[in-house]
Amino acid sequence: YHVNRPFFPLLRAKLTATTMARLLLLGFSLLLLTGLRPGRAFLVADPQPDVSDDVPALLAFKKAIYDDPLARLSDWNSSDPDPCLWFGVTCSDFDARVVTLDLSNSSLVGFLAPRIGSLTSLQKLILDHNAFTGSIPREIGKLKNLTVLNLSTNLLQGPIPSETGDMQNISTIDLHANRLSGALPPELGKLTNLKELRLSNNSLTGTIPGSNSSTMVSTKKEDQVGLCQLAQLTDIDLSNNLLAGSIPACLNHIQRSRMAGNCFQNNDTMNRADWQCGNSTDAGKDNNSIGEDGQRGRVIQPLWLLIVEVVTGVSVLSILTLCAIAGLRRRKDRSSGRGVPWTRALSWKENNVISIDDDLLANVPKISRQELAEACEDFSNIIGSSHETVVYKGTMKDGREIAVVSMSAPVHYWTNYVELYFQKEVS
């Protein structure tokens, strides 16, 4: 057959032009993509957080401190967008995020701002040997990358927040020498990387969250609860608290000196005196009186002790009756104008009575102690204190903020006349 040869050069030319056009279009698209900066290539991409996101959290932390005698935070300036050169701040070499906040031994006085939970890249928070008051904010559980938490030797009060169980990377928790109260949160059992736990010299109560039995040890991980789940926990100090119950068997390897000064039932532990424990050991004593048949045994009292109790009761009842009769007679004499004069002269201190105009107190609302306790979070939100006063901050149910001042008077100023005047006003 016959083939037209000029057709092949034309076909080759068409194919070459089409291929070149496609290659140019692909190259231009790649050029556009590579020329755009990351974060702007696609509108749906979220910008990555940088060091500028840590500045507001650090400034909020500084704002909550009202006394800095050593001027540690003098270079924390809001006009400086880079906090990596601020005192006590260390940033990462990779993304310049704040990874360490170390202000130990700085004599800082203030509170822990909840905004501190925004330092999401923080790995070490070291604030020991200061004068931080108030409670530990719950937002501290947002520090997922935190490995070291040291808030020891401060004036922190209130319970340990359960949100601490959300810090999965934490290896060291040091809260010793504070005024913490309440029970140990069971959520601590979720911190599988925890190696060191120091909670000594506080006022923690309740039992140690662990296995229910102090004599049976289970090797199965699923049978363990609380602190018994923490296989890496080798350094623990719970001494000088008000913990009661039994020490879990999984903590038998811990030195007993690190459990001393509590209210445990274990005989091999140096406990507090009974009057210091109060009701902490009542449950343990009651459990010891239960027999094998499940019935509580009754202690038979001797006859002479029963007679002494009856005679004492009758004597006390007689004295109370005589006092009541004498009080009624004196009240009757006063009402008839035959008052009993004072047998001694009153000192100038006892006569010094401050008069308050009742009209000034007309619009002052009366608030019960229970309402004050609820508003001030069971009197744990302390905003100031002195030798004779403690100031609490609270929020009422209607949103009003209040300040409650608790005052104590020295014994030598609280005279008999002041006590009589106080009792009269209360009644």
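The values are calculated or read from the model by the stated rules, or taken from the named source; none is laboratory data. Please read all numbers here as calculations on a predicted model, not as lab measurements. Neighbour counts run over all protein chains shown; Cβ positions are idealised from the backbone, glycine included.
Residue count for the range 143-156 under the criterion of being touching an Asp or Glu at 6+ places or on another chain (Cβ under 9 Å) and surrounded by fewer than 19 Cβ atoms within 10 Å (Cβ to Cβ): the result is 2.
Listed here are the residues, each with its yes/no results for (1) β-branched (V, I, T); (2) assigned to a loop (DSSP other than H, G, I, E, B); (3) in the same structural domain as G165 (by TED's automatic domain parsing); (4) modelled with pLDDT under 70.
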{"residue": "T215", "(1), (2), (3), (4)": "yes, yes, yes, yes"}
{"residue": "I236", "(1), (2), (3), (4)": "yes, no, yes, no"}
{"residue": "L242", "(1), (2), (3), (4)": "no, yes, yes, no"}
{"residue": "C250", "(1), (2), (3), (4)": "no, no, yes, no"}
{"residue": "N266", "(1), (2), (3), (4)": "no, yes, yes, yes"}
{"residue": "T269", "(1), (2), (3), (4)": "yes, yes, yes, no"}
{"residue": "C277", "(1), (2), (3), (4)": "no, no, yes, no"}
{"residue": "I307", "(1), (2), (3), (4)": "yes, no, no, no"}
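The set of residues in the range 183-210 that are buried (at least 18 other Cβ atoms within 10 Å of the Cβ) and on the phi > 0 side of the Ramachandran plot contains only N201. Contact map, the range 370-391: residues that are under 19 Å from Y66 (Cβ atoms) paired with residues that are assigned to a strand (DSSP E or B) and of a type in the set (D, E, K, R), Cβ distance under 7 Å, separation 6+ or inter-chain. Pairs shown: N381/K393; I383/K393. Scanning the range 77-106 for residues being farther than 20 Å from L146 by Cβ and either modelled with pLDDT of 95 or more or of a type in the set (V, I, T) (or both) gives a total of 2. Quick check on the range 398-416. Is at least one of its residues in a helix (DSSP H, G or I), at pLDDT 70 or above and over 25 Å from the mean Cα position of the chain (by Cα)? Scanning the range 398-416 turns up at least one residue that is in a helix (DSSP H, G or I), at pLDDT 70 or above and over 25 Å from the mean Cα position of the chain (by Cα).
Of everything listed in (1) outside any loop (DSSP other than H, G, I, E, B); (2) at pLDDT 90 or above, the single unmet condition for C228 is (2).
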